[in-house]
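Take a look at the structure set out below.
The values are calculated or read from the model by the stated rules, or taken from the named source; none is laboratory data. Computed from a predicted structure; not experimentally measured. For neighbour counting, all protein chains shown are included, and Cβ atoms are generated from backbone atoms with ideal geometry for every residue, glycine included. With ligands, DNA and RNA removed, areas are computed over all heavy atoms of the protein, side chains included. Shrake-Rupley method; radii C 1.70, N 1.55, O 1.52, S 1.80 Å.
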Amino acid sequence: MHVPDGFLDAPTSVATGVVAAAAVAVALRAARHELDDRTAPRAGLVATFVFAAQMINFPVGAGTSGHLMGGALAAVLAGPWTAVLCLAVVLLVQALLMADGGITALGTNITLIGIVTVAVGWAVFVLLRRVLPKRLEMVAPAAAAGALASVPVAALLFTGLFAIGGNAPVDLAAVATAMFGWHTVIGIGEAVITGLVVASVVATRPDLVHGARPLIAERELVTRKVVPS
Amino acid sequence: MSTRRFLAVALVVSLLVAGVASYYASSHPDGLEYVAEQTGFIDSAKDSATADSPLADYQTSGVDDPRLSGGLAGVIGVLVMLVLSTGLFWLVRRREPADGRD
């Protein structure tokens, strides 16, 4: 869903640029709590993997395609603040090196793909982690649900920005319906990829999954309780 | 699996996805482009200022073979990502108290 230059007018692009810059500035401070000598290299690989995975467009019928956005995935693997930074670096490299997503649209893309998908994906994940059984097997499905929700929400937010500062006079209801519809389907792909990746990391090294930490801490607590002293 | 081994596997997977699997990705327009075509605002898109960059559109300029051109762009992208993001996270990270810096 990389927005090219020209879709949105200058004031809207400046506004999303300010939002993106502020969020990245906050994330740079807040991510310190998620990053240390051990987690920093892993987080670098999360960003790198999201970049690679975004190259894989999967068909979603009728001559259109979608690809992973990766906000929910990065948030569950590396933590939400680090995830914002992951996606910001991905989008910067894509815009500067690959001409994927516009330069003046970089703020818009960081806002939609770097902030909205992370925020929605992480919020849904945390909510589900709270209500689902406290087991590691629940981490991947909760991440997938967050991923599923994150894509159509980002698509609707794009439509909102387009309503404010779109450069073409088109039927907004049609844009909203089409954006929501297609991105719900793309969200299923997002959910499948996110679920599979998180499940494989949980299966091999659950301790490397940021979103699984409370469950691991709880499991250790339970273990200590049953061991006779 | 040791952490070192895990990270190595993650890097190899990323390189394979970007360098090899990307060739088989769908070339249909993505959801936003498709909606823009259908509802009539695709023409408001402008070429990016970096449209002439040597790796624009995930193709390496000067490399004719499409598989090699795309694969090389993907591999370069992955390596740039690895250096930039790991470098950034290393700078941002919390220093351990023993480090004496905070």
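Just to confirm the number: angle between the C-alpha axis of helix A:213-226 and the first principal axis of chain A, 0 to 90 degrees, nearest 10?
Its long axis makes an angle of about 10 degrees.
Roughly speaking, to the nearest percent, how much of the range A:10-226's 1.4 Å accessible area is carbon and sulfur?
Ligands and nucleic acids excluded, carbon and sulfur reach 73 percent.
Report the label-to-label distance for A:ARG205 and B:ALA51 in nanometres (one decimal), using points 7 Å from each Cα along the Cα→Cβ vector.
Distance between label points: 4.3 nm.
Between B:LYS46 and residues 5 or more places away or on another chain, which pairs have amide H atoms under 5 Å apart, with H built 1.01 Å from N, and which residues are they?
Placed amide hydrogens put A:ASP5, A:GLY6, A:PHE7 under 5 Å from B:LYS46.
If one takes the longest principal axis of the Cα atoms in chain A, at what angle in degrees, from 0 to 90 and to the nearest 10, does the Cα axis of helix A:39-54 lie?
That works out to roughly 40 degrees.
Please check: in the Gaussian network model of chain A (C-alpha springs, under 10 Å), which one of A:ILE113, A:ILE186, A:ILE216 has the largest mean-square fluctuation.
A:ILE216
What's the FRET efficiency of A:GLU220 with A:THR184 using the Cβ-Cβ distance as r and R₀ = 22 Å, to the nearest 0.05?
It comes to 0.05.
Based on alpha-carbon positions alone, could you give the equivalent ellipsoid semi-axes of the range A:139-229 from the gyration tensor, as √(5λ), descending, whole Å?
Result for the range A:139-229: semi-axes of 42, 13, 9 Å.
Keeping every protein chain present and rolling a 1.4 Å probe, give me the accessible area per residue for chain A in Å².
38 Å²
What are the DSSP H helices in chain B that stretch 24 Å or more along their long axis, judged by alpha-carbon atoms, and whose average Kyte-Doolittle hydropathy comes to at least -1.0?
Span-like helices, by this rule, are B:66-92.
For every helix of n ≥ 4 consecutive DSSP H residues, a contribution of -39,500 (n - 2.57) applies; sum these over the protein assembly as shown, divide by its total residues, and give [θ] at 222 nm rounded to the nearest 500 deg cm²/dmol.
Computed ellipticity for the protein assembly as shown at 222 nm equals -21500 deg cm²/dmol.
Ignoring ligands, DNA and RNA, how much accessible area is buried between chains A and B, both sides summed, with a 1.4 Å probe, to the nearest 100 Å²?
5300 Å²
Between the helical axis of A:117-131 and the dominant principal axis of chain A, each derived from Cα atoms, what acute angle in degrees is found, rounded to the nearest 10?
Between the helix axis and the principal axis of chain A, the angle is about 30 degrees.
Note down the magnitude of the dipole of the range B:1-48 about its Cα centre, charges +1 on Lys and Arg C-beta and -1 on Asp and Glu C-beta and zero elsewhere, to the nearest 20 debye.
So the magnitude is around 560 debye.
Between the alpha-carbon centers of the range A:1-34 and the range A:70-99, tell me the distance in whole angstrom.
One Cα centre to the other: 12 Å.
Say a site is exposed when it is one of the trypsin sites (Lys or Arg not before Pro), sits in a DSSP loop, and has at most 16 other Cβ atoms within 10 Å; what is then the longest site-free stretch of chain A?
Maximal segment without exposed cleavage sites: A:39-133.
Let me check I have the definition right: for chain A, take the eigenvalues of the Cα gyration tensor, multiply each by 5, take square roots. What are those semi-axes in whole Å, largest first?
Square roots of five times the eigenvalues give 33, 19, 15 Å.
What is the dipole size for the range A:10-226, taken about its Cα centre, with +1 at each Lys and Arg Cβ and -1 at each Asp and Glu Cβ, in debye to the nearest 20?
The calculated dipole for the range A:10-226 is roughly 760 debye.
Taking H as built 1.01 Å from N, whose amide H comes closer than 5 Å to the amide H of A:GLY66, not counting residues under 5 places away?
A:PHE58, A:VAL60
When all alpha-carbon pairs of chain B are counted, what percent fall beyond 19 Å?
For chain B, the share of Cα pairs beyond 19 Å comes to 64 percent.
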